Amino acid sequence: MPEDALSTPILRGEGGRVDEQFETVEQQQTTAVTGLWVFLGTEVMFFGGLFLAFLVYRLVYPQAFIEGTEHQNVLIGTINTIVITTSSLAMRLAVRAAQLGQRWRLRGFLVIAINLGVLFLVLKGVEYYQHYEESLIPGHAFKFPEPFAAQAQMYWILYFVATGLHGLHLLVGIGVLSVMFFFAMLDKFGPEYYTPVEVSANYWHFVDIVWTFLFPVLYLLRW
Amino acid sequence: MATIAQPVGQPIEQPGRFTHYLNSEYGIRSWLFTTDHKRIAWLYVITLTLAFGLGAIAAGLIRLALFTPQGDVVTAQGYDELFTMHGVIMVWLFLIPSIPATFGNFFLPIMLGARDLAFPRLNLLSWYIYVFGGAWVVAALVYGGVDTGWTFYTPYSTEYSHTNVVPTEMGIFIVGFSTILTALNFIVTTHRMRAPGLTWFRLPLFVWTIYATSLIMLLATPVLAIALLLLVIQRVWTVGIFDPSLGGDPLLFQHLFWFYSHPAVYIMILPAMGVVSEIIPSFTRRPVFGYKAVAISSFGLAIVGFLVWGHHMFTSGQSIYASMIFSVMSFLVAIFSAIKVFNWTFTFFRGSVWLQTPLLYALSFIGLFVMGGLTGLYLATLPLDVHLTDTYFVIAHFHYIMVGGTLSMYLGAMHYWWPKMTGRMYPELPAKLAALLLFAGFNLTFFPQYVLGALGMPRRYWSYDPVYQVWNVLSSAGATVLALGYILPFVYLLWSLKYGEKAGPNPWGSKGLEWQTSSPPPRFNFRATPVITQRPHTQ
Amino acid sequence: MNEVVPKRVYFTVWIVIVVLSVVNAALAFVRLGPFNSAVTMLIAVFNAFLIVWYVIGVRRYPPLMKVIVAIGFVWMGLMIHLTMADYLTRAWSTTTTRSVTIPAGKAPFEEPALGSATRVPTAAVPPYEPTALPQLPGMPGGQIGVPTIVPTGQIAAPPARGRTVRIELSASNASFDKDRIVVPTGSTVIVRFTNDDPVFHNFSVYRDAAGQRAIFVGQAIRGPGAMIVYRFRAPSKPGVYLFRCDIHPVAMRGSFVVK
Amino acid sequence: MQQTASSFGGQWNLLFASEFALSAAIALGVFGLIGFFCYRYRRRSPFEVPTRPLRRNVFMEGGWIVIPTILALAFFVWGAILYFRMSTPPRDAETIYIVGRQWMWKAQQPNGAWENDELHVPVGQPVRLLMTSEDVIHSFYVPAFRVKEDVLPGRYTQTWFNATTPGRYILECSEYCGVYHSQMRGRVIVMEPKAYAAWLGTAGSESSAAAIGQRLFHDYGCINCHNPDGHGPAPSLVGLYGTEVRLENGQTVTADESYIRQSILDPASQVVYGFRPIMPSFNGKISEEQILDLIAYIKSQKNPEQPPISKTPGTLPNRSDGSP
């Protein structure tokens, strides 16, 4: 730190929770929220490239993709959709609890959100195991009724890449939420400081939104 | 920028020791763990210089090999690995981060009147990711090499190349995160960290271009990331995504690739335009003519630049109707560029023109950019592109933009802001000589390549028909002059760090906000938060 | 962005999304004709919108922030739109030309384009009439510009007139396991061809021994263990025709007898 | 500028010249103005403060937005029309098939004759090329015709031209396709219709054994594995003849005629080091004459490391395969 007192920012409010580059706590908060949204713009394009690839091959191989879709377990898919939506709701209620300073509710909702996220991954794992049983993992062991084997494999590659990347995002989200839970146990958050909870909630909702599109695209386009 | 109406707080003079960002802390740790955007900018300058050196050596060997029609300096395989190395290093490790990561990093917060970027630790992380990914890429390119060209066209890159395709792509994937995080930082900073009174239409033009550039980085890089990821998956897992023998469509890869790589050209050129828009007002004592048009045209370039990627694919088997859409969009790009050039030209009108080195670089930028941009028109014209694409015409065209444009302005910005960044002046005479050498050497090197392309010499040729030899020899000879023009600044800038004359806060008499603080600037840029009341560079 | 939203907003959105997701999943099993995909995707977009607008609370954001939120989605739309502009118009390219199928009597490629993975013998193309023009290998529908991998047909194509014969054929060690195939005149022939060699083979039928006038040219596949189903119409005129692998025309050939 | 020898060459040149004139005018105008301003308004004293700023002028700014837009659209329309014609072959075009592979061009004439790295076409006859690739993306490029179109594996692309002047023209691959991308050159030979017809008549009858051998090399599918780039599942046979070959069982043999013959008839007996025994036996499937032709072809395959580049400008290296 420079000894030049004037170039050191004055720490305002909240016991020094404003970082040196900011003027006010509002500025810091809106900056964090903006930052996450800008990052989500990148994420949208990342998944967008994947959706584009899927769309192109869906267009080129309509029949094979439909036959591929028919091997999906729509029941688990639907349950998972409900699970992740509920998790999203719990996370938003956690933010609300933080806003209102309800410490125990905040912790409780965080636990619910994290556990539902884990449940989603477990169900996804069950699905993956079913695919493995049916020899639907692309590669040398891939088996699919002719004549669509080669084309349906394309569907399965894109399916595994898409759900795999989504699962990875979910895993990261579970990590972030766990950190939030840890801080919530330390009582770091309150009505005047809950930006991290809100930012992680927004990320969590984004993971939900990706699934909102993946589910119909991968499971439901059957005609 | 504009004026500091009433500097809130204290004058620049401080009692006691003159503290600035360079002498506030010492030691290697104070650099490697700094969160100061100005120091991180220097970290980038050092690593970018290394990357540029490597890429330039590859370029030199390529020109040497093309001296004769038979490939006798290197083997065919070696030649392919050289141009891939040149392309990959220059594009991803030098040109994309060049001006944004260095001068953008250093001056964006200062021009906004901010104390630092919005996420300083993220900024440092970006640099570490860049170094890690860059080292990875260089290792893959040097130990083993890659022979696919920087474009990684499938199915060559997936099935037929037996070189380090996967490690290289992974490295580029990693470097991409650095780009994205830097862009995110710039965008959020521009939105949230502006000084009081600094409205959007009072922003310096450099900030406008950096903002537009960041937007492109943010929205294009992830598409490259997913394309490379799919390519890696395909190669490692031996499944077909872009491979026709397994049911894939290689053109889809080209679509995804160029959706990133065409806007990438605007990532390179827009910041250079921003620097020109700062240098010209400083050395003519005139605000840029038609400020709003120039500012908005940066955005126009960024947006329309996204809609033209298909002009790389006119002969690729793309639908001819899609080609027509992409062609008309490409012409629109030319209009936005034209607005900028004409407005710059009329900024000189009745100005007070001071021909110092930075202005020389800016002038050579305009010259080379006009030539590069106008030849872009030929490539946007469908039938002309059929003949000229994938020939040396394209090579010359994009080198005029990337080297003549971006690299010239990287050096121009280096000279313009050197006093502010280091507190010392560079020697004027060798600097002017270097600028002239660069301009002459550049034209000697790349103008013959336009002719070669019009004659029909395809790119990436290790050996070529003897009819093309004359022009190749000219080009290779020009490259020698060009190399001198690069080595010279390197020498005298280093020299000036120790022996250069001390620069005051504002050696150019510029109105820019960055010149209103001391040289070098203090740790948090300003003694007091400036208040802005006017457009940049207005009297 | 800091205001506390009543809980009922969140719960309402949650109920709507859960109900719509279940309805959407159920709709997948109800045939609505061409509307299935549209309805499915509309529901998805609507659910995503609810989350963004009400749960995250973008409706309370200042205008510039709304732009930031929207920009990724808008850009994704641009990318998909323009790429589709290529894919959807590729087949238009040849409308002014006569055709891309080869006139009768002219040789097709002697070496079919290798590496094409169409395991589908293009049933959307009308079943071969005895006088029908042969197809270029790997060019379903004879369209230039469309990837060969377009499976324009399904195996469940409308049943052809006449009888259907099924033939098992395999290739190993650069030879077919049959040197004589007998089919009734005008029948629909379905050949299940297995390639056990690590090289490309295909199956083609010609009118003449020189392999100049094709009746059917099949897609090449590379083994070992690869399988493809060919489907074509046998000539209506009885006679002895030639079948062969176009890649190994000397070593792999036999007579295709139509009775 | 490259010579022109096709029917749309003239229009192409006109379009190019027009754009050149326009761009030269713009460039010289901008350079001249900046140069003039830099001289006329040079700073005479360090304290000089310019006055009388240029007023914002809507007509001026509007002018350099509107006029370039109109010019650009005009060139777009002109280009699009010409491009459409260059992309759609006329109905009476003769179709020739082109197959690109690493690193050679193969063309099939209407009578079924294949030629390598050469393409004979009659003058004044529209020729439509229907093209595909066997491996990676190539690009069929004849500068003199202003014709270029990528050749893609797994699908067909087309282009067409109508040659106007007899002669020999450079044919190049312009899409990077691997190590010997720059060797993937050939020539287009434009002939008078009579000469072309005569050439077609003789094209079928190949004379040399090596030429027949090459044909067999393709017909038997040898080329699929013995890829000349050495990256196929089997060793490349280019430059094989006369070299020492190390076998999987540790022995070393000289690749002479009898070695080649035995490798064809009993491949499992002499597996080259580092390769799997996947080659089918051709015993009983191939005649002795054909084996001789194949051997002649393999002998003729010289190492391409030192490609024979002729010293005469404008001509291209001859391949020693004796193709028509």
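Would you call C:Phe49 at the interface with chain A (Cβ under 10 Å from one of its Cβ atoms) and either assigned to a helix (DSSP H, G or I) or modelled with pLDDT under 90 (or both)?
Against the criterion (at the interface with chain A (Cβ under 10 Å from one of its Cβ atoms) and either assigned to a helix (DSSP H, G or I) or modelled with pLDDT under 90 (or both)), C:Phe49 qualifies.
Within the set of pairs 6+ apart or on separate chains, which have a first residue in the stretch A:191-202 that is within 11 Å of another protein chain (Cβ to nearest Cβ) and farther than 18 Å from A:Ile174 by Cβ, a second that is assigned to a helix (DSSP H, G or I) and among the small types (Gly, Ala, Ser), and C-beta atoms under 7 Å apart?
A:Tyr194/A:Ala98; A:Thr195/A:Ala32
Considering B:Ala322, B:Ala293, which residue is farther than 30 Å from D:Lys148 by Cα and of a type in the set (A, V, I, L, M)?
Matching residue, one of B:Ala322, B:Ala293: B:Ala293.
Do you know which residues across the stretch D:35-52 are part of a loop (DSSP other than H, G, I, E, B) and within 16 Å of B:Ser282 (Cβ to Cβ)?
D:Tyr41, D:Arg43, D:Pro46, D:Phe47, D:Glu48, D:Val49, D:Pro50
Restricting the first residue to the stretch C:202-220 and requiring it to be touching a residue at least 40 places away in the same chain (Cβ under 8 Å), which pairs with a second residue that is assigned to a loop (DSSP other than H, G, I, E, B) and among the aromatic types (Phe, Trp, Tyr) meet a Cβ separation below 7 Å and a spacing of at least six or different chains?
Close Cβ pairs satisfying both conditions: C:Phe216/C:Tyr128; C:Gly218/C:Phe203.
In the list C:Ser255, C:Ser236, C:Ser170, which residue meets the criterion of being open to solvent by 20 Å² or more (accessible area, probe 1.4 Å), in a loop (DSSP other than H, G, I, E, B) and at pLDDT 80 or above?
Testing whether each residue is open to solvent by 20 Å² or more (accessible area, probe 1.4 Å), in a loop (DSSP other than H, G, I, E, B) and at pLDDT 80 or above leaves just C:Ser236.
Here are D:Gly213, D:Gly167, D:Gly201: which of them is in contact (Cβ under 8 Å) with a residue 60 or more places away in the chain and more than 20 Å from the chain's Cα centre (by Cα)?
D:Gly213
Is it the case that A:Val118 is free of Cβ contacts under 8 Å to residues at least 12 places away in the same chain and part of a helix (DSSP H, G or I)?
Considered against the rule, which asks whether it is free of Cβ contacts under 8 Å to residues at least 12 places away in the same chain and part of a helix (DSSP H, G or I), A:Val118 comes out as no.
Go through the stretch B:493-528 and report how many residues are over 13 Å from B:Pro419 (Cα atoms), in a helix (DSSP H, G or I) and open to solvent by less than 10 Å² (accessible area, probe 1.4 Å).
Counting residues in the stretch B:493-528 that are over 13 Å from B:Pro419 (Cα atoms), in a helix (DSSP H, G or I) and open to solvent by less than 10 Å² (accessible area, probe 1.4 Å) gives 1.
Taking into account only those residues within the stretch C:1-38 that are part of a helix (DSSP H, G or I) and of a type in the set (Phe, Trp, Tyr), which is nearest to A:Leu100 (Cα to Cα)?
For the stretch C:1-38, the residue satisfying everything is C:Tyr10.
For the stretch D:65-117, name all the residues that are in contact (Cβ under 8 Å) with a residue 60 or more places away in the chain, small (Gly, Ala, Ser) and either in a strand (DSSP E or B) or over 21 Å from D:Gly154 (Cα atoms) (or both).
Correct list: D:Gly79, D:Ala93, D:Gly100, D:Gly112, D:Ala113.
Suppose we filter B:Phe490, B:Phe447 for residues that are over 20 Å from B:Met85 (Cβ atoms), more than 14 Å from chain D (Cβ to nearest Cβ) and open to solvent by 10 Å² or more (accessible area, probe 1.4 Å); which single one remains?
B:Phe490
Has the stretch B:334-353 got any residue that is farther than 30 Å from D:Val147 by Cβ, open to solvent by 20 Å² or more (accessible area, probe 1.4 Å) and more than 10 Å from chain D (Cβ to nearest Cβ)?
Checking the stretch B:334-353: not a single residue is farther than 30 Å from D:Val147 by Cβ, open to solvent by 20 Å² or more (accessible area, probe 1.4 Å) and more than 10 Å from chain D (Cβ to nearest Cβ).
Quick one: B:Phe314 ticks every box in (1) open to solvent by less than 10 Å² (accessible area, probe 1.4 Å); (2) more than 9 Å from chain D (Cβ to nearest Cβ); (3) within 23 Å of B:His387 (Cβ to Cβ) bar one, so which box is it?
(2)
Would you be able to tell me the number of residues in the stretch B:354-379 that are more than 22 Å from the chain's Cα centre (by Cα) and either in contact (Cβ under 8 Å) with a residue 24 or more places away in the chain or open to solvent by 20 Å² or more (accessible area, probe 1.4 Å) (or both)?
3
Among the residues of the stretch B:185-216, count how many are of a type in the set (A, V, I, L, M) and over 21 Å from B:Val265 (Cβ atoms).
5
Quick one: B:Pro263 ticks every box in (1) assigned to a helix (DSSP H, G or I); (2) touching a residue at least 60 places away in the same chain (Cβ under 8 Å); (3) open to solvent by less than 10 Å² (accessible area, probe 1.4 Å) bar one, so which box is it?
In the conditions (1) assigned to a helix (DSSP H, G or I); (2) touching a residue at least 60 places away in the same chain (Cβ under 8 Å); (3) open to solvent by less than 10 Å² (accessible area, probe 1.4 Å), B:Pro263 misses (2) alone.
Please pick out the residue among D:Ile70, D:Ile81, D:Ile98 that is closer than 30 Å to D:Gly178 by Cβ, more than 7 Å from chain B (Cβ to nearest Cβ) and aliphatic (A, V, I, L, M).
D:Ile98
Taking interchain pairs and intrachain pairs at least six residues apart, which have beta carbon atoms under 7 angstrom, with the first residue in the stretch B:116-134 and within 22 Å of B:His86 (Cα to Cα) and the second of a type outside the set (D, E, K, R) and not in a helix (DSSP H, G or I)?
Pairs that qualify, where the first residue is within 22 Å of B:His86 (Cα to Cα) and the partner is of a type outside the set (D, E, K, R) and not in a helix (DSSP H, G or I), are B:Tyr130/B:Pro97.
Please pick out the residue among A:Val44, A:Val60, A:Val56 that is in contact with a Ser or Thr (Cβ under 9 Å, 6 or more places away or on another chain) and under 28 Å from B:Thr221 (Cα atoms).
A:Val56
Looking at the stretch B:289-298, can you tell me whether even one residue there is free of Cβ contacts under 8 Å to residues at least 40 places away in the same chain and more than 9 Å from every other protein chain (Cβ to nearest Cβ)?
Yes: the stretch B:289-298 contains one or more residues that are free of Cβ contacts under 8 Å to residues at least 40 places away in the same chain and more than 9 Å from every other protein chain (Cβ to nearest Cβ).
Within the stretch D:48-67, how many residues turn out to be at the interface with chain B (Cβ under 9 Å from one of its Cβ atoms), exposed (fewer than 12 other Cβ atoms within 10 Å of the Cβ) and not charged (D, E, K, R)?
Adding up the residues that qualify gives 2.
What do you reckon, is D:Leu237 modelled with pLDDT of 75 or more and buried (at least 18 other Cβ atoms within 10 Å of the Cβ)?
In short, yes.
The values are calculated or read from the model by the stated rules, or taken from the named source; none is laboratory data. Just so it is clear, the structure is predicted and the values come from calculations on it, not from any experiment. Cβ: placed from backbone, ideal geometry, glycine included. Neighbour counts: every protein chain shown. Areas reflect the complete protein model, heavy atoms only, side chains present, ligands, DNA and RNA absent. Shrake-Rupley method; radii C 1.70, N 1.55, O 1.52, S 1.80 Å.
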